[in-house]
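So the structure is just underneath, and the comments pick up after that.
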């Protein structure tokens, strides 16, 4: 009898927590990498020669946003704005996937000694939902050579717009992932950044 009671209680807890996630406020959710497109679909970016051979070390990014946990808002009802917060480290999330995307595009990203060091800070990372999900992000980056001389400073910015059911975590994840992909593509397409990587 006791075992049956514990089983029922456990099952009820799962149902309640599941319902809370499905229909309740999206608070302290973990970020998930779920892009809906690929880097290649955005267009061709040539990565070759010194730009491809230079050893690049990416330092972890710093989050300088005012509220590091706030990542989105549903504003379909102006009188009832519903926020989305995360338990994840946004700077680490952006760092991991921006670095992996750039490496996949052909840059020689290394963990040890390098010809170039990239540092930066997350200044914007937010999705606003009204009729669609609209996301924007920007990361200020500095490229320095091994002697510490700054070769380039600029912004990697990306955006994403998509349709989806109202206030769903999956749609926020997809928008955030796609805007990181777009930021990587825009960065690799920036003449100043490309020139800096070739100066090795």
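Below is a table of values for the structure above.
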quantity: Output for the range 1-58, where each listed residue is surrounded by 13 or more Cβ atoms within 10 Å (Cβ to Cβ), closer than 19 Å to residue 88 by Cα and at pLDDT 95 or above; calculated: 26, 27, 29, 31, 32, 33, 34, 35
quantity: Top-ranked residue in the range 74-97 [being more than 16 Å from the chain's Cα centre (by Cα) and buried (at least 16 other Cβ atoms within 10 Å of the Cβ); ranked as nearest to residue 132 (Cα to Cα)]; calculated: 74
quantity: Failed item in (1) part of a strand (DSSP E or B); (2) under 22 Å from residue 133 (Cβ atoms), with residue 56 passing the rest; calculated: (2)
quantity: Residue in the range 156-179 that is free of Cβ contacts under 8 Å to residues at least 12 places away in the same chain, more than 17 Å from the chain's Cα centre (by Cα) and in a loop (DSSP other than H, G, I, E, B) present; calculated: yes
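The values are calculated or read from the model by the stated rules, or taken from the named source; none is laboratory data. Quick caveat: nothing in here was measured; it's all calculated off a predicted structure. No Cβ is skipped: glycine too gets one built from the backbone with ideal geometry, and neighbour counts run over all protein chains shown.
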